[in-house]
Amino acid sequence: MEKHVLGLELPTDPRWVNIAEKNIADILIDHAYCEQKAASSCISLIITYPEKEKLVEALTPVVAEEWAHFERVLEQLKKRGFTLGFPRKDEYVEQLQKVVKKGGGREQQLVEKLLLNALIEARSCERFRLLWKEIGDTELSNFYYELMVSEAGHYKNFLALAKEYMNPEKVEKRWREILEQEAAILKGMEVRGDRMH
């Protein structure tokens, strides 16, 4: 799960996991909404591109998996006496959405959406790894290990789908641009331990 596997340009600031551990209720609530949004994003892609058979086939099981993760995060909240609470503003995703190129044809827009999803999955996986390795709560550490393994393939699936619908070399070039832009976004954000991103 190191940089070369996930492809991320910038590792998460090591302070993040220490702050996150002190704000575990906030992290779990935010994480629950991340899983819910991941499921919703896949549903949205299926609804918008129903004619793309490979996409529908690949993303349908991901919807079920992300929703199952949402339920599992809810269980962890309940065990600790926390309730779900309301979703918080996701500054990271808001910034990333500004990177998405507008216009272009239908395929171009699909590829942009797939790459955005790939990036969010890769960053989530990297954060799950940090929680697994660093957090003192053994049950949560094991929980995040399981989720890290489960989520690791998702970003690759999104990248592979993008290469189905556009020249793979163009996809790689665009992916590298987005990775660089994501690194710049992270550098400009304060380190917050009450958010998954």
Considering each of Gln109, Gln95 in turn, give the residue that is touching a residue at least 40 places away in the same chain (Cβ under 8 Å), assigned to a helix (DSSP H, G or I), surrounded by fewer than 18 Cβ atoms within 10 Å (Cβ to Cβ) and polar (S, T, N, Q).
Gln95
On the basis of being surrounded by fewer than 16 Cβ atoms within 10 Å (Cβ to Cβ), closer than 16 Å to Leu28 by Cβ and touching a residue at least 60 places away in the same chain (Cβ under 8 Å), does Gly136 make the cut?
yes
Could you grab me the full set of residues in region 19-57 that are under 30 Å from Glu139 (Cβ atoms) and among the basic types (Lys, Arg)?
Lys22, Lys37
All positions within region 159-189 that are in a helix (DSSP H, G or I), farther than 24 Å from Arg15 by Cα and not aliphatic (A, V, I, L, M):
Lys163, Glu164, Tyr165, Pro168, Glu169, Lys170, Glu172, Lys173, Arg174, Trp175, Arg176, Glu177
When you go through Glu180, Glu164, Glu139 one by one, which is the residue that is acidic (Asp, Glu) and within 17 Å of the chain's Cα centre (by Cα)?
Glu180
Return the only residue of Ala32, Ala39, Ala20, Ala68 being assigned to a helix (DSSP H, G or I), closer than 25 Å to Tyr165 by Cα and small (Gly, Ala, Ser).
Ala39
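A short reminder: the numbers here are calculations on the coordinates, not readings from a lab. For clarity, every value in this text was computed on a predicted model and none was experimentally measured. All Cβ positions, even for glycine, are placed from backbone atoms using ideal geometry, and neighbour counts span all protein chains on display.
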